[in-house]
There are 2 protein chains.
Amino acid sequence: MSKYWSDIVRQLNPYVPGEQPQDQKYIKLNTNENPYPPSPAVASAIQSYPVESLRRYPDPESSELRQALANYTGLEAEQIFVGNGSDEVLAHSFKAFFQGRDAILLADIGYSFYPVYCSLYQVSYAPVPLDSRYRIDVADYRGANGGIIIANPNAPTGIALTLAAIKDLLDHSESLVIIDEAYIDFGAESATGLIAQYPNLLVIQTFSKSRSLAGIRLGYALGQPALIEALNRVKNSFNSYPLDRLASATAIASLQDDEYFQLCRKRIIDTRNRLNKNLLDLDFEVLPSSSNFLFARHALRGGADLYAGLKKAGILVRHFKASRIENFLRISIGTDDECAALVKALNALL
Amino acid sequence: MSKYWSDIVRQLNPYVPGEQPQDQKYIKLNTNENPYPPSPAVASAIQSYPVESLRRYPDPESSELRQALANYTGLEAEQIFVGNGSDEVLAHSFKAFFQGRDAILLADIGYSFYPVYCSLYQVSYAPVPLDSRYRIDVADYRGANGGIIIANPNAPTGIALTLAAIKDLLDHSESLVIIDEAYIDFGAESATGLIAQYPNLLVIQTFSKSRSLAGIRLGYALGQPALIEALNRVKNSFNSYPLDRLASATAIASLQDDEYFQLCRKRIIDTRNRLNKNLLDLDFEVLPSSSNFLFARHALRGGADLYAGLKKAGILVRHFKASRIENFLRISIGTDDECAALVKALNALL
């Protein structure tokens, strides 16, 4: 600490991402990265990129990428905001929409960055408990609030809400509702189709998971133009050019190869279903996942214990020291070989 | 506007960057970009980048890049903070250090993003007038304040403070002092060497200008570890991975080619000196520049008028509609050919 720190910085309790070792020692099933490389179209775009153009600032509007996303989603470019990872898009969204008088509502077990944004921007929040089976019940999100944020599928549970439930949530909400769809491509239904109908709906997605581009930092928000305008006002008061030229070119190339995208998605879902069965066979309880990870606890062995045993065996999974979920492991879906190695290591540990 | 906007967003008056047309129609001397491409080492790093690794998140600490910067600057890695452009680094710095009770001090004519950060984070500020020759007098920055930010060289004037003046400023300051050295490589003296001595000094630099990498978005802050820790706390409450993998690799490659860097720097300084003389010959008053731009006003013709005439002639320069400087043009140093074209166009206009 130093006397030059602002009061807010003293009070912050920053987010801690999953371990990101820079060596190749581990089978990494801890940060929900995609086990498959990005599309070959991405490699071509990077290798043929006109490097001399890097001397120029990027287009502050990221028009070309936003148009590519518009074409892909069926929305208009002015309904799309892009940022340096969905974390940045989330941060700007908290600033843009969540500084009212009432507390915002979020699940007590959810993406643990949300309370951190609240602390950064001094937004008050009220955690809404998941039910006994770790599910979100949208009926719990009624009543006065300063906004609602829900991850769908939820993290780290992996459980998805139906589109009907999201619609019900929106029908009973007068405040802004953010649906964070970081994991949407692994089996849940996107709320994108509801945007035209609900001026208070903001959907956030990312290239990190399903598009194998965590290393490029690209996320985006979808909503009616008045919401996007608020995000642009925050962006243009923070960093006018959040996306670098290479990141935009990479993202555009990824969108152009839908066949590869669909193939990877399907492979991950298939592997997840097999791993789910393997874990049940090993006496794990596994929450029903619509994401690229499984959230599971063993009938007898504690989560911290299994996490440490797996790490010793060269396999990283994520363990959260949080009440109600301390016995769970969050296991990212790897390749079939990586998942087989996990099952083998668990067999040896149990 | 929408009822979902937070109060702060309603009040924002976002920064407006210089025009960034996406076509190749203009000679672009308006955003202080480098006229030369990045080092050939950058091109090699991008073309040989292992694209499959983009499926992984970047190192949240950017350790390799910070070490490369440590080697380059002679500082330690824990004295270095990296971000997505120096604009992001500046934004985090305002949040980390400038939310005290007293107003911060900044030049009345300076980088116009500073007051925008103040509005984003509700920091009060007191503009300190430049003297009659558009210079900063550090004696004007004494007395109680919540922090000081000075661009050295200043923008858009291009005028540098001596290191002795910066030292004098620090000797009389009890609050945090940020020296924004975006243009430092074009002839001014960096304050980096004072960091060991002053726990309240934060120096901010960028790869955008002198390293021809505006398109990659990379800036950094240098200071004692307690200051860097505050920036990390903000970063980790906003976006844990601000730098993508390709941007880091690009920056590291640029640092490795010092010969090219020195060559480009020198060419720009030489061109600036020639253009300065040409403008004097055309009856311009030119402020003494230590940057990669000139700030100049004509004896007879107004700034808005000349800006418009040049644009019509296919040359973009920057004009600010602000009091005391409305008759100036800010002209980025281009190649010799681009500057010759400017002189020719001015000759035709005047």
Once both label points are put 7 Å beyond Cα along the C-beta direction, the A:D102-A:R274 separation in nm becomes 4.8 nm
Accessible solvent surface per residue of region A:40-257, calculated while the other protein chains remain in place, 1.4 angstrom probe, Å²: 30 Å²
Contour excess over end-to-end distance, with Cα ends at B:E259 and B:A139 and 0.36 nm allotted per residue: 39.4 nm
Starting from the Cα-Cα distance between B:Q67 and B:D305, subtract it from 0.36 nm times their residue separation and give me the gain in nm to one decimal. 80.9 nm
Using bins 20 angstrom wide from zero, how does P(r) for the protein assembly as shown break down, in % of all Cα pairs? 18, 50, 28, 5, 0
Measure off, as a whole percent, the carbon and sulfur share of the 1.4 Å-probe accessible area of region B:109-192, all protein chains present. 50 percent
Determine the dipole magnitude for region B:1-110: charges of +1 sit on the beta-carbon of Lys and Arg, -1 on that of Asp and Glu, nothing else is charged, the reference point is the Cα centre, and the result goes in debye to the nearest 20. 360 debye
Whole Å is fine, so just give me how far the alpha carbon centre of region B:49-82 lies from that of region A:227-296. 25 Å
Any residue on another chain or 5+ positions along whose placed amide H is under 5 Å from the amide H of B:L105 is listed here as B:A126, B:G146, B:G147, B:I148, B:I149
The aspartates and glutamates whose Cα lies under 14 Å from the Cα of B:K266, excluding any fewer than 8 residues away in the same chain, are B:D185, B:D258, B:D336
With labels modelled as points extended 7 Å from the Cα through the Cβ direction, what inter-label distance (nm, one decimal) is found for B:S119 paired with A:L350? 5.9 nm
Output, in nm with one decimal and in ascending order, the distances from the B:D258 label point to the matching label points of the other copies (7 Å from Cα along Cα-to-Cβ). 5.2
Using only Cα atoms, what is the ratio of the radius of gyration of region A:68-165 to 2.2 N^0.38 Å? 1.16
What average number of partner chain Cβ atoms lie no more than 10 Å from the Cβ of the residues making up A:44-53? 5
Members of region A:228-269 that become less accessible by 40 Å² or more once partner protein chains are added (1.4 angstrom probe, chain alone as reference): A:R233, A:N236, A:S237, A:F238, A:N239, A:S240, A:Y241, A:D244, A:L246
Of the residues B:Y49, B:Y111, B:Y198, which exhibits the maximal mean-square fluctuation in a Gaussian network model of chain B defined by a 10 Å Cα contact cut-off? B:Y49
As a check on your grasp of the helix formula, calculate [θ] at 222 nm for chain A: sum -39500 (n - 2.57) over DSSP H runs of n ≥ 4, divide by the residue count, round to the nearest 500. -11000 deg cm²/dmol
Where the only charges are on Cβ atoms (+1 Lys, Arg; -1 Asp, Glu), what is the dipole of region A:40-257 about its Cα centre, to the nearest 20 debye? 440 debye
Rounded to the nearest whole number, the Stokes-Einstein translational diffusion coefficient of chain A at 10 °C and 1.306 mPa s (Kirkwood radius, C-alpha pairs) in µm²/s is 75 µm²/s
Copy-to-copy label separations for A:L350, where each label sits 7 Å from Cα toward Cβ, in nm and ascending: 8.3
DSSP beta bridges in the protein assembly as shown: the antiparallel percent, rounded to 5, is 50 percent
Could you compute how much accessible area chains B and A hide from each other, both sides summed, with a 1.4 Å probe? Nearest 100 Å² is fine. 7200 Å²
Fraction of antiparallel bridges per DSSP, chain B only, in percent to nearest 5: 50 percent
Please identify which residues in region B:244-282 have an amide N closer than 20 Å to a label point set 7 Å out from the Cα of B:Q47, following the Cα→Cβ vector. B:246-261
Lysines whose Cα lies under 17 Å from that of A:K25, excluding same-chain neighbours fewer than 8 positions away: A:K311, A:K312
Nearby lysines by direct alpha-carbon distance to A:K3 (threshold 24 angstrom, same-chain neighbours under 8 apart not counted): B:K95, B:K167, B:K235
With r as the distance between the Cβ atoms of A:E326 and A:N13 and R0 = 25 Å, compute the FRET efficiency 1/(1 + (r/R0)^6) and round to 0.05. 0.85
If I take R0 = 51 Å and measure r between the Cβ atoms of A:T162 and B:K25 in this structure, what FRET efficiency does the formula 1/(1 + (r/R0)^6) give, to the nearest 0.05? 0.50
Cβ charges +1 (Lys, Arg) and -1 (Asp, Glu), total dipole of the protein assembly as shown, debye: 40 debye
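The values are calculated or read from the model by the stated rules, or taken from the named source; none is laboratory data. All values derive from a computational prediction rather than experimental measurement. Because the Cβ atoms are built from the backbone with ideal geometry, glycine has one as well, and the counts that use them run over all protein chains shown. Only protein heavy atoms, including side chains, enter the accessible area calculation; ligands, DNA and RNA are left aside. Shrake-Rupley method; radii C 1.70, N 1.55, O 1.52, S 1.80 Å.
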